[in-house]
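Presented below is the structure to which this report refers.
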Amino acid sequence: MATIILLKDITKTYHLEAIDVPVLKRVNLSIEQGEYVAIMGASGSGKSTLMNIIGCLDRPTSGEYFLAGINLTTLDDDELADIRNQYIGFVFQQFNLLPRLTSLANVMLPMIYADVDRSQRIEQATEALAQVGLSDRLQNSPNQLSGGQQQRVAIARALVNHPALVLADEPTGALDSQTSQEIMDLLTELNQQGTTIVVVTHDVDVAARTKRVIRMLDGVIVENTQASIDFRLKN
Amino acid sequence: MAVETLWSNKVRSGLTMLGVIIGISSVIAITSIGQGVQKATELKIEALGTNILQVLAASARTGGISQGAGSASTLTWEDAQAIAKQVPAATAVAAFLYSPNIQVVRGNVNISTTGIGTDLNFPRVSNIQPQQGVFFSQQDLDIAKPVAVLGSKVRDDLFAASENAIGADIRIRGKRYKVIGVMESKGSVGPQDMDDRVYLSLTNMSAEIVGNNALTGVAINGFLLESSDADQLESAQFQVTNVLRLRHHIRPPQEDDFRVTNQVDIIKTFTSIMGSLTLMVGAIAGISLVVGGIGIANIMLVSVMERTREIGLRKAVGATSGAILNQFLMEAIVISSIGGAIGIGLGIALAFTAATLFKFPFVVPLWSVVVGFGLSLIVGVLAGGIPARNAAKLDPILALHGE
């Protein structure tokens, strides 16, 4: 199995006026291809900062980060944008669809920045929307879709460039429990098809659906459990 | 919600564009109209000849009280005839007496026009000839015969295009006049419409329409004097002034009771006034373009703030800062160039309408189109560029989480 994420001694320190506030303290973590991982922790635990660093939206103060074998520490901002485009698919709590665009156009968006030509964009986006079960909603704008459907569009957008990693930040945070189940089912299904998924959540039920739980507290990883079948059945 | 956003975006883009459209179309329309009017004036005055002096009766003084300029009591036909004889630089003199508002009636058509009573030299000196029929003859003048020569507009107002005006009867002040001629069309010179006139013989005009109010002889409003060429005009002016002072017993520093103007001075004055007017109005239009630009900048700035989430998302899915900058710049360029194109079209249309309506040559100065379009593009790019740079610099994390 190839290692998708390798974090070596990652620290992140914010400078607030004269005081240094350490948010991540020498975090070491590796995630293999095909894993389904939950990162948990209370607010202030550093889990959001960790997610931003994994998602290449932020840089560590020190330490090294290898994504699919590439050392990201040396890359500039534009190269990081390309990494996000090619290797990472984001799913957000608030979906973050562009309200003026159709489902299809929303899903096509990442491919615009990948310089994919238009006919192929349409083909790939249609395929991704079929994968999340929205073949009949290609031309609808987000306001014509339910919350669950909107999140499915967002997941299709995350998948469309065939990323090495799907990074989901509280993907069910804005959904009711029934819809949440459906979205988690979809993520499980995608994982079974081979997609590496990292979910950041504080919801135990969501974490229970994953195969491994990483728990953060005060900037360090305090628990890194391979969830047992028993644990998952229990919940 | 999304529909609202969509609509607000449409309205927003529309309003931004409107700023550019108004700015550019006013720049173009105003400069075009200004130049057209200026050109028309130059043409007309050139057509009138640059070797013409105009002598007008000035305020008559009765016991030191001014009676008002142009009151027809200080110049007489005899003055004009004396000038023709005694001024060597004068090649022709045409005396005239006018009434700005006379009713001309034909059948049940009743129009108001300017009546000009004059002599045989008028067509030559004014450079206007009968297109149909004839101007009146010396005999008509001698016996104050009730004959009329119509300006082309007056003819068109009174007669259908198919009718023959020559020989027809019209009524002025209840008296019957026979139409003997129709003058060619000359359009307007300054405020005067050369076509909206009816010409009568000076003697008839004086006797029947205006009345004789000079102390001696036939009162006139003034006369036009033609010199052999423009160079002779100055000496003509000098001689006319002296002859009239002598005849009117005026010794400087006494004030003259007449006023001598020459066409060249009129052209110069008019052109310079028109030039500065065009410049001023152009400047106003320029300012409106700048204001439009500030409007674009403002709306682009608001748009960037409203669209932080969109920018954050685009960056998260792989847009570089350059790509975001490009997107916003392109939007600004599209808005300002579409607005610019519409503005140019509208400006030209406005100028054309005005030119057709008020009958002056239709000129669109190329520079106004280039400057207008260039300015709108520059304003659009600057006004869009600064917010675009801010947008490109946005931190995707903050942008994504900011509501």
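Each value in this text was obtained by applying a stated rule to the coordinates, not by laboratory testing. For clarity, every value in this text was computed on a predicted model and none was experimentally measured. Cβ sites come from the backbone with ideal geometry, for glycine too, and all protein chains shown count toward neighbours.
Which Cα, out of B:Gln138, B:Asn110, B:Ile338, lies furthest along the positive dipole direction of the protein assembly as shown (beta carbon charges, K/R +1, D/E -1)?
B:Gln138
Pick from B:Pro361, B:Pro253, B:Pro387 the residue whose mean-square fluctuation is largest in a GNM of chain B, springs joining Cα atoms under 10 Å.
Comparing B:Pro361, B:Pro253, B:Pro387 in the GNM, the peak value goes to B:Pro253.
So, by mean Cβ neighbours within 10 angstrom, what's the order for A:82-94, A:52-64 with the highest one leading?
On the way: A:82-94: 22.0, A:52-64: 19.4.
Averaged packing, sorted descending, gives the order A:82-94, A:52-64.
Given R₀ = 60 Å, what would the calculated FRET efficiency be for B:Leu279 paired with A:Glu17, taking r from the Cβ atoms and rounding to 0.05? Mind showing how you got there, number by number?
Values: r = 57 Å, r/R0 = 0.95.
Computed FRET efficiency for B:Leu279 and A:Glu17 comes out at 0.60.
So, in nm, how far is label B:Asn326 from label B:Ile287 when the simple model puts each one 7 Å beyond its Cα toward the Cβ?
Taking the simple label geometry, B:Asn326 and B:Ile287 are separated by 4.1 nm.
Dipole size in debye (nearest 20) for the protein assembly as shown around its Cα centre, Lys and Arg Cβ +1, Asp and Glu Cβ -1? Before the final figure, lay out the partial values.
Details: 49 positive and 58 negative charges, 271 e Å.
Rounded to the nearest 20 debye, it is 1300 debye.
Find the centroid of the Cα atoms in segment A:65-83 and in segment B:317-354, then give the distance between the two in whole Å.
37 Å
Please get the size of the charge dipole for segment B:73-256, origin at its Cα centre, with Cβ charges of +1 on Lys and Arg and -1 on Asp and Glu, quoted in debye to the nearest 20. Present the calculation step by step, with values, prior to reporting the outcome.
Values: 16 positive and 20 negative charges, 116 e Å.
The dipole of segment B:73-256 has a size of about 560 debye.
When we measure straight from the Cα of A:Lys25, which lysines land under 26 angstrom away, once same-chain ones fewer than 8 places off are left out?
Cross-link targets: A:Lys8, A:Lys12, A:Lys47, A:Lys211.
With the cut-off at 1.5 for a/c, could you classify segment A:46-94 from its C-alpha gyration tensor as rounded, prolate or oblate?
Values: a/c = 1.83, a/b = 1.19, b/c = 1.54.
The shape class here is oblate.
Compute, for chain A, the length of the dipole vector about the Cα centre, with Cβ point charges of +1 (Lys, Arg) and -1 (Asp, Glu) only. Units Debye, rounded to 20. All intermediate terms of the calculation are to be shown ahead of the outcome.
Working: 19 positive and 28 negative charges, 68 e Å.
Dipole magnitude for chain A comes out near 320 debye.
To the nearest whole number, what is the average tally of beta carbon atoms from other chains within 10 Å of the beta carbons of peptide B:317-329? Walk me through the intermediate numbers first.
Numbers: counts 18, 18, 7, 10, 3, 3, 4, 1, 0, 0, 1, 0, 0.
If you average over the peptide's residues, the count of other-chain Cβ atoms is 5.
I'd like the mean, over residues of B:308-316, of how many other protein chain beta carbons sit within 10 Å of each residue's own Cβ. Before the final figure, lay out each step's value.
Numbers: counts 0, 5, 6, 0, 3, 12, 7, 7, 13.
Per-residue shielding by partner chains comes out at 6.
When the helix-only estimate is applied to chain B (DSSP H runs of n ≥ 4, each -39,500 (n - 2.57), divided by the residue count), what is the mean residue ellipticity at 222 nm, nearest 500 deg cm²/dmol? If you can, show how the numbers build up before the last one.
On the way: 11 runs with 215 residues, N = 403.
For chain B, the value works out to -18500 deg cm²/dmol.
With an 8 Å cut-off on Cα pairs and a minimum separation of 6 or more residues, tell me the relative contact order of chain A in percent. All intermediate terms of the calculation are to be shown ahead of the outcome.
Details: 460 pairs, mean separation 65.8, N = 235.
After rounding, I find 28 percent.
To the nearest 500 deg cm²/dmol, what mean residue ellipticity at 222 nm is calculated for chain A from DSSP H runs of n ≥ 4 alone, each contributing -39,500 (n - 2.57), summed and divided by the residues? Numbers along the way, then the final one.
Working: 8 runs with 83 residues, N = 235.
Mean residue ellipticity, 222 nm, calculated: -10500 deg cm²/dmol.
How well do other chains shield peptide A:97-107, expressed as the mean number of their Cβ atoms within 10 Å of each residue Cβ?
Working: counts 3, 7, 9, 6, 2, 0, 0, 0, 0, 2, 0.
Partner Cβ neighbours, averaged per residue: 3.
Check cross-link reach from B:Lys178 to the lysines: straight Cα distance under 19 Å, and skip same-chain residues fewer than eight apart.
B:Lys145, B:Lys153
So what's the angle, to the nearest 10 degrees on a 0 to 90 scale, between helix B:263-306 and the longest Cα principal axis of chain B?
20 degrees
Place +1 on the Cβ of every Lys and Arg and -1 on the Cβ of every Asp and Glu in the protein assembly as shown, take the dipole about the Cα centre, and give the residue among B:Val302, B:Val20, B:Gly384 whose Cα lies farthest towards its positive end.
Highest projection toward the positive end goes to B:Val20.
Output the peptides B:89-101, A:213-225 sorted from most to least packed, where packing is the average of other Cβ atoms within 10 Å over each peptide's residues. Each step should come with its number before you reach the end.
Numbers: B:89-101: 19.8, A:213-225: 17.0.
Going from most to least packed, we get B:89-101, A:213-225.
Which parts of segment A:143-174 would a label at A:Ala2 reach, counting a residue when its backbone N lies under 12 Å from a point 7 Å out along Cα-to-Cβ?
Correct set: A:163-165.
Would you please give the residues with an amide H less than 5 Å from that of B:Ala168, counting only those at least 5 places away or on a separate chain, with H modeled from the backbone geometry?
B:Val179
Taking θ = phi - 60°, what integer Hz values does the Karplus form 6.51 cos²θ - 1.76 cosθ + 1.60 yield along segment B:168-177, in sequence order, with x for Gly and Pro?
Values, residue by residue: 6, 9, 10, 10, 10, 6, x, 9, 7, 10 Hz.
Where Lys and Arg each count +1 and Asp and Glu each count -1, what net charge lies around B:Ala351 among other residues with Cβ under 15 Å from its Cβ? Before the final figure, lay out the partial values.
Numbers: positive: B:Lys39, B:Lys359; negative: none.
Value of the local net charge: +2.
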